[in-house]
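Beneath this line is the structure, given in structure tokens, with notes to follow.
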Amino acid sequence: MEMDGRKTKILQAVIRNYLETGEPVGSRTISKYTDLNLSSATIRNEMADLEEMGYIIQPHTSAGRIPSDKGYRFYVDTMMEAKEREMVEMKDMLLERQDKLENLLKEVAKYLARDTQYATMITAPSTHRNKLKFIQLSRVDAGQILAVVVIEGNVIKNKMLSVSEELSDETLLKLNMLLNTNLNGLAIEEINLAMIEKLKLQAGIHSDIVSGVIDAVGEAIRADEDLEIYTSGANNIFRYPELSDNDKASELINTLEEKKLLTGLVGGTEEDPDTENGGIQVYIGGEMQVQGMDNCSVVTATYELGEGMRGTIGIVGPKRMDYDRVVGTLKTMRSHLDRLYKNGDSAGKG
């Protein structure tokens, strides 16, 4: 006998139900867990075949079936293959989108510098709301497991966790179900101490794994806090006498080229574009508290690309800049950026 698609679905349903209840599983229960629309009699026949093949066992007469070690192994291998394919596809998609977005943002910075004749900067979008998408635990060797954490915006964090003894396939599956059932869809702020303690209690002797996964979630979010900033048009400042003094110009250009200095300016300026001011902010001279920008004004706008992904567009010029025109340009560019990115993403999927 071969393990065909129907037998695979029935075996998966047996294992999922047994993991949830801890009770032997009968054919009537399985009929509710599959989309095959099979009769109980047909399912009984398939389960008999699975038992003969060694994937499930009957603990005692007239009872339902439970998974065997062979059944668990087939389930875990199948699940891991599917997850691995999913992760490869996701990483390929992320790399493609990242390259596309990086090129787009560089072009936006250049366009704004040409259009306004000021210096421009734009940050790559970072994740807000930080909702957890899924967690996958898998065994590496007898003393280690790998926790893969994916948060909203498809930020991925891998964390190796040490374990005192090798975990069985059934234990790993139960931990995966426990973590995903309770944490998926939550923002990091919603994962409170009471919830963590409850998860630790349910995990029993493996409570340290829960702690490790929560740490990995936090690390995934912190990793997204390192802003990527693209600038253009720094030489435009020489067009304005009040900024073209050698010392002032040198200091300002250094600021525009120094990522850490700019992070202090744009890192805290992102607002919801739907707020009263539409995500537009104006900083004049010393209000910025950034070295080299005392004689400048900066106008910033927040853009959003969906899934809570937000970034900042900034225009740097003299205090006598044309504020009305700059604000209008930023509002228009913000709309274009959103539309261009979405259209480009759709084209890439086609």
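Nothing in this text is a laboratory measurement; each read-out follows from the coordinates by a stated rule. The shown structure was predicted, so the numbers you read here are calculated from the model rather than taken from an experiment. FYI the Cβ positions are ideal-geometry reconstructions off the backbone, even for glycines, and counts take in every protein chain you see.
Calculate the spin-label point distance for Lys32 paired with Ile156, positioning each point 7 Å from the Cα along the beta-carbon direction, and give it in nanometres.
It works out to 3.7 nm between the two label points.
Considering the options Ser62, Leu36, Tyr18, tell which one lies farthest towards the positive end of the dipole of region 5-67, charges being +1 on Lys and Arg and -1 on Asp and Glu at the Cβ, about the Cα centre.
Leu36
Under a point-charge model restricted to the Cβ atoms of Lys and Arg (+1) and Asp and Glu (-1), what is the dipole moment magnitude of region 5-67 relative to its Cα centre, in debye to the nearest 20?
Values: 8 positive and 7 negative charges, 32 e Å.
Charge dipole of region 5-67: 160 debye, to the nearest 20.
Using only the alpha carbons of region 131-223, what is the convex hull's orientation-averaged projected area in square nanometres?
Values: hull surface 21.2 nm².
Approximately 5.3 nm², given one-decimal rounding.
Using the Karplus curve 6.51 cos²θ - 1.76 cosθ + 1.60 with θ = phi - 60°, what ³J(HN,Hα) values do you get for each residue of region 169-175, in whole Hz, with x for Gly and Pro?
Rounded to whole hertz, the list is 4, 5, 5, 4, 4, 5, 5.
Beyond 25 Å between alpha-carbons counts as too far, so tell me which of Lys110/Lys331; Lys159/Lys198; Lys32/Lys131; Lys106/Lys131; Lys106/Lys157; Lys133/Lys174 fall in that bin.
Values: Lys110/Lys331 17 Å; Lys159/Lys198 22 Å; Lys32/Lys131 31 Å; Lys106/Lys131 28 Å; Lys106/Lys157 27 Å; Lys133/Lys174 18 Å.
Pairs exceeding 25 Å: Lys32/Lys131; Lys106/Lys131; Lys106/Lys157.
Between Asp141 and Thr78, what's the calculated FRET efficiency when r is the beta-carbon distance and R0 is 30 Å? Round to 0.05.
Working: r = 21 Å, r/R0 = 0.70.
E(calc), rounded to 0.05, equals 0.90.
Farthest toward the dipole's positive end in region 131-223, which of Asn184, Met160, Met195, given Cβ charges of +1 (Lys, Arg) and -1 (Asp, Glu) about the Cα centre?
Farthest towards the positive pole: Asn184.
Describe numerically, in nm with one decimal, the distance between label points set 7 Å from Cα along Cα→Cβ at Glu257 and at Ile57.
7.1 nm
Given R₀ = 30 Å, FRET efficiency for Ser68-Leu186 by Cβ-Cβ distance, to 0.05? Kindly include the intermediate steps, with their values, before the conclusion.
On the way: r = 35 Å, r/R0 = 1.17.
My answer for the efficiency is 0.30.
Just to verify a number: FRET efficiency for Arg114 and Glu166, C-beta to C-beta distance, R0 = 41 Å, to 0.05?
Values: r = 61 Å, r/R0 = 1.50.
My answer for the efficiency is 0.10.
Report the percentage of all Cα-Cα pairs in region 5-67 whose separation exceeds 17 Å, rounded to a whole percent. Mind showing how you got there, number by number?
Numbers: 503 of 1953 pairs.
Every Cα pair in region 5-67 considered, those over 17 Å come to 26 percent.
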